[in-house]
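Reviewing the structure listed below.
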């Protein structure tokens, strides 16, 4: 962001200085207004970023006030479940949509992308206006805004290569122990695979949080690295409900989100 600010200020300043002998007072005033506009937009953004760094860290998952189905100290229901999932780009997009919609981390990421894109697009329009008024004076703002748009675009969620190639995973839940393994290890090795297709094994009762969404489950194990179990990973609707009952009975921070709640 600092580089964008410096570029946005330096370029119109240099251009104005190079053409100083052919510019009248109004052009100089427009140039100063341009630089002031860049400051007016950039300084609040930098200040906001600094305040965010000093803010105490919040949980990346939704926090429920109370889970009436949580039975602390009682053994969870001994239900054995298993399923297989073949990842596709369509399933991945729906999973990302649910993550963005139902988790604080996802909503924050979406909000940041929207804000950066809006500022970048506004800067391009304003820069074009200055180019129309004072020839090359607005190119600096256009360049800085283009960098901001490029940064926002690069920060989007991309489809991992494993998902594009149709990676498959098998999961089981037995005696409160959840396991997930890639079926084709050569396509999704542990050291290079996406977290969506990597090996996992943990006690479900030790999960920090679980969110049920219309598209499946978002799970934060004890290692705090979330992963998603889409609805397509279950063979029947009864399996979904069984997993739901077990999870909400053994995880204190279990959140059930549905389209009816939104």
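The values are calculated or read from the model by the stated rules, or taken from the named source; none is laboratory data. Every value quoted in this text rests on a predicted model; they were computed, and no experiment measured them. In this analysis, Cβ positions are derived from the backbone assuming ideal geometry, glycine residues included, and neighbour counts consider all displayed protein chains.
Worth a mention:
- Some residue of the range 93-105 being surrounded by 14 or more Cβ atoms within 10 Å (Cβ to Cβ), at pLDDT below 90 and assigned to a helix (DSSP H, G or I): yes
- Output for the range 224-241, where each listed residue is within 19 Å of the chain's Cα centre (by Cα) and outside any strand (DSSP E or B): 224, 225, 226
- The condition of being assigned to a helix (DSSP H, G or I), free of Cβ contacts under 8 Å to residues at least 12 places away in the same chain, surrounded by fewer than 21 Cβ atoms within 10 Å (Cβ to Cβ) and not assigned by TED's automatic domain parsing to the domain that holds residue 226 holds for residue 115.
- Filter result for residue 193 (surrounded by 19 or more Cβ atoms within 10 Å (Cβ to Cβ), modelled with pLDDT under 80 and under 23 Å from the mean Cα position of the chain (by Cα)): yes
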